[in-house]
Amino acid sequence: MAPNPPSRRQFLAAAAAAGLAGCLSDVTGSGGTPTDPPTSAYDPTVEQDEWPKYDEDWEPPTDSPLDYEYETEVLVENLDIPWDISFTGEDELFLTERTGNIRKFESGDVVDVVEPDEAIDAGSIDSPDEQTWWVEGGEGGLLGVAAHPDYPDPPLVYAYYTYMDGGTEKNKVASFDASADDPASTVTTLVEGIPGESYHDGGRIAFGPEGHLWVTTGDGGTAENSQSTESLGGKVLRITASGDPVEGNTEAGDGRVFSLGHRNPQTITWLPDATPVVSEHGQTAQDEVSLISPGWNGGWPEVRTAEEYPGSDYNRPVAHTGANTSWAPSGGVFYTGESVPGLQNRLLVGGLWSQRINVVTLSPPDGDLPPVGNGKRHDADWLDNGYVATSHHLFEDEFGRIRHVEQGPDGDLYFITCNRDGRAEGDFPKDNGDRLIRLRQV
């Protein structure tokens, strides 16, 4: 496959700064809070039990994911630090690159979609000889992407990206009309002013069981943002498809905030019973997986370690890597498909520093637990006792840094690598750059 096929149809575009500013004046207040959100007719009205993945009586597996054999197929090569993917149909998805591109994969072809003028170019490297901890844009750039649940009707695509505001890095969520003759005229900002920096930009966006848009934000390099009710940093937001707060979020502060006290969350997914699941980066390891609820507070920066949580009133993670193990967890999905039975009803999270897929089985405390094998049982008495987590891993150092794992409409699994960001270990990046890979069971 050619690395950069010619554009078939440029159906998304970024607005120039002046045009975007005019558009925003009708959408947000000075603090970025929606005052008259557009496209309200596009808000899905989905009952939770109508969600296709909903299964109130789901059961976790009791065997090990290592009991099975898996095979991989490279679908696309020569990508430039891909960050997120969002399916719109079988064999059809949107993909972001941190260097500032939204691309579309459809029936084996890749086409360029948009290069938003506002989104910073994070930069990239070409070979292992160029390793540097910080590429030009740090951890920012064009990050999350999510197609509207009813795409292509309406034909809206949402993106999370880093932009410059008076010399300061910030992050925003915007939507684009994919069918307009002049997509730039339809650019709409849903959330802006999210704290940004060279690190801790969060950035995952996804539509959840009730059709609402969920957004993970990092603390923007200022840990105090995570506890502040005046900041959108270090939070998980839940908004409508047009940017409104959702009833039932936190009771204090900004109505768009669902949970707080996060450091740098980059997974948002759901158990089959619609419980939200987040994974996030810790400080010097101390990575976490948490089951969150409205007003949930993970305690960052006040608590993070096994010594700090006991005796505090903060909510606890269900899995914690400890001080000596780092996953550097990125995007993930709770897999419910049938194409890969060995991974069904398990949480799959991409690993950056660990360069692997981390597999987490969540079991009832009184249920049968999978064998530990090469993994770890997260059963300390200070952890969230709603489930017992058992973690394993796959493909360590086979593909380098794994940025996101996603389930396709066909039940297959897909993941993307991000080895051109200057942080990969070993002989990554390869000559064929970063890749989109399909995972199936043998």
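Could you give the dipole magnitude of the stretch 223-332 about its Cα centre, charging the beta-carbon of Lys and Arg +1 and that of Asp and Glu -1, in debye to the nearest 20?
Value, rounded to 20: 240 debye.
Computed in the context of the full set of protein chains, the accessible area of the chain at 1.4 Å probe radius has 42% of its extent on carbon or sulfur.
Of all the stretches in the chain, which is the longest one without any exposed loop site, taking trypsin sites (Lys or Arg not before Pro) in a DSSP loop (any state but H, G, I, E, B) with at most 14 other Cβ atoms within 10 Å? My reading of the result: 10-442 is the longest stretch. For volume of the Cα convex hull per residue in Å³, computed directly from the structure shown, the correct entry in (i) 163; (ii) 132; (iii) 194 is (ii).
Under 5 Å from the amide H of Ile268 lie the amide H atoms of Gly332, each residue being 5 or more positions distant or on a separate chain, with H modelled from the backbone and absent for Pro and chain starts. Which of Gly196, Leu156, Gln266 sits farthest toward the positive end of the charge dipole of the stretch 151-281, with +1 on the Cβ of Lys and Arg and -1 on the Cβ of Asp and Glu? Selected residue: Gln266.
If you filter the stretch 61-163 for chymotrypsin sites (Phe, Trp or Tyr not before Pro), then keep DSSP loop positions with at most 12 other Cβ within 10 Å, what is left? Before the final figure, lay out each step's value.
Working: sites: Tyr68, Tyr70, Trp83, Phe87, Phe94, Phe105, Trp133, Trp134, Tyr158, Tyr160, Tyr161, Tyr163; in loops: Tyr68, Trp133, Trp134.
For chymotrypsin sites (Phe, Trp or Tyr not before Pro) across the stretch 61-163 that sit outside H, G, I, E and B with at most 12 neighbouring Cβ atoms in 10 Å, the list reads Trp133.
3J(HN,Hα) along the stretch 397-407: 6, 7, 10, x, 6, 9, 8, 7, 10, 9, 9 Hz, from the Karplus curve 6.51 cos²θ - 1.76 cosθ + 1.60 with θ = phi - 60°, whole Hz, x for Gly and Pro. Toward the positive end of the charge dipole of the stretch 363-405, with +1 on the Cβ of Lys and Arg and -1 on the Cβ of Asp and Glu, the farthest Cα among His404, Gly386, Ser363 is that of His404. Scanning residues 5 or more positions from Ala147 or on other chains, those with amide H under 5 Å from its amide H are Tyr158, with H placed 1.01 Å from N in the peptide plane. Distances between placed amide hydrogens fall under 5 Å for Val191 paired with Val173, all partners being 5 or more residues away or on another chain.
Solvent-free Debye calculation, one equal scatterer per alpha-carbon of the stretch 304-360: log10 I(q)/I(0) at 0.16, 0.28 Å⁻¹ equals -0.63, -1.10.
Only four residue types carry charge here, +1 at the Cβ of Lys and Arg and -1 at the Cβ of Asp and Glu. Report the dipole size of the stretch 61-108 about the Cα centre in Debye, rounded to the nearest 20.
On the way: 3 positive and 13 negative charges, 84 e Å.
Approximately 400 debye in magnitude.
For the chain, a crude dipole built from +1 on the beta carbon of Lys and Arg and -1 on the beta carbon of Asp and Glu, taken about the Cα centre, is about 600 debye to the nearest 20.
In the stretch 239-330 the Cα-Cα distances spread across 10 Å bins starting at 0 as 16, 46, 30, 7, 0 percent of all pairs. Residue ranges 284-293, 359-368 sort as 284-293, 359-368 when ordered by packing (mean number of other C-beta atoms within 10 Å per residue, highest first). Multiplying each eigenvalue of the alpha-carbon gyration tensor of the stretch 355-438 by 5 and taking the square root yields semi-axes of 30, 16, 10 Å, largest first, rounded to whole angstroms. Of Gly298, Ala323, Gly337, which is farthest on the positive side of the dipole of the stretch 269-337, counting Cα position, with +1 on Lys and Arg Cβ, -1 on Asp and Glu Cβ, and the Cα centre as origin? Most positive-ward Cα: Gly337. In order along the stretch 351-359, the Karplus-derived 3J(HN,Hα) couplings, from 6.51 cos²θ - 1.76 cosθ + 1.60 at θ = phi - 60°, round to x, 8, 4, 6, 6, 6, 9, 8, 10 Hz, and Gly and Pro are given as x. For the stretch 294-309, 3J(HN,Hα) computed residue by residue from phi via the Karplus equation (6.51, -1.76, 1.60; θ = phi - 60°) reads x, x, 4, 10, x, x, 5, x, 5, 9, 7, 9, 4, 7, 8, 5 Hz, glycine and proline entered as x. Per residue, the accessible area of the stretch 344-428 comes to 33 Å², computed with a 1.4 Å probe over protein heavy atoms only.
Cα extents for the stretch 189-291 along the principal axes, largest to smallest and rounded to whole angstrom: 35, 29, 23.
Leaving out ligands and nucleic acids, and using a 1.4 Å probe, what accessible area per residue does the stretch 171-248 come to in Å²?
Values: 2170 Å² over 78 residues.
Roughly 28 Å² per residue, with all protein chains present.
In units of the rule-of-thumb radius 2.2 N^0.38 Å, the stretch 294-442 shows an alpha carbon radius of gyration of 1.12. Distance distribution note for the stretch 140-250: the fraction of Cα pairs above 25 angstrom is 20%.
The values are calculated or read from the model by the stated rules, or taken from the named source; none is laboratory data. Predicted model, so just to flag it, every value in this text is computed and none were measured. Backbone-built Cβ (ideal geometry, glycine too); neighbour counts: all protein chains shown. Ligands, DNA and RNA are excluded from the accessible area calculation, which covers all protein heavy atoms including side chains. Shrake-Rupley method; radii C 1.70, N 1.55, O 1.52, S 1.80 Å.
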